[in-house]
Amino acid sequence: MCTSITELGEILQTLLIEDADRIGRESGFIQRKRKFSGSSFAQTLVFGWQANPNASLEELCQSASQAGANISPQGLQERLNSEGANEFLHRLLLRSLEYAVEGEAKPSALLRRFKGIYLQDSSKVELPAQFERVWRGKSCSTSDAEVSTLLDYQTGKVNFRLAPRSSARLPLQTTEPPRSYVGGVEHPTSKLACSEIPPMRVGSLGWAVWHGLGTGR
């Protein structure tokens, strides 16, 4: 079922208000509401950096004001540097990956002959070295994360996986049925419908894999 604009808006409201306030309390980041609540801190960063990815502290303070929080640039800097902020944002990010969003799928008659068609891609996000303990890179004293995406082209479902780059990627070729990745945890997908042609996966480097038929490009 295709996710409508209205439903997407409701998901974002739940994530950036209800979920953010709850996670702020559970993570210990918000112990008592003074300048920030979990929701106002999340909205400050999300909308502030959405408007300008290179926003200064002063610009983020303007975003905070629109979210209902009045704070100085120095106060915001202290919040951003706290360990609690890192834990809060990490949990909020993982929570966001649990929401399912589906697009409208209109495969052609030819593509419908496949048991499944899966498009896979991944992106590397470099992080400050101090996050190495949580997000360890492939080399010493580096920190980065990898966001892997798997699109079920026939149904429109999108699955995400967030993990350190030192861990394994989404499997490109496997004899197992495709699995969905939610919040960094694997969940088996439903059984694929029978068809004459085995499933096909297309990776980010252009490699196409037909299960049982070998690999081509």
Would you mind ranking D152, D121, D21 so that the residue whose beta carbon has the fewest other beta carbons within 10 Å leads the list?
D121, D21, D152
Which trypsin sites (Lys or Arg not before Pro) in the range 1-58 pass both tests, a DSSP loop state and at most 12 other beta-carbon atoms within 10 Å?
R32, R34
Could you give the distance between the Cα centres of the range 1-26 and the range 49-92, to the whole Å?
19 Å
Plugging the Cβ-Cβ distance of K124 and R32 into 1/(1 + (r/R0)^6) at R0 = 45 Å yields, to the nearest 0.05, a FRET efficiency of 0.75
So for the pair R133, R112, with labels modelled 7 Å out along Cα→Cβ, what separation do we get in nm?
5.5 nm
Can you give the FRET efficiency to the nearest 0.05 for T155 and F47, using r as the Cβ-Cβ distance and R₀ = 35 Å?
0.65
Within straight cross-link reach of K115, meaning Cα distance under 15 Å, which aspartates and glutamates are found once same-chain residues fewer than 8 apart are removed?
D152, E176, E196
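Since every read-out is calculated from the coordinates, none of them should be taken as a lab result. It should be emphasised that the depicted structure is a prediction, and the values quoted were computed from it without experimental measurement. We place every Cβ from the backbone using ideal geometry, glycine too, and count neighbours over all the protein chains shown.
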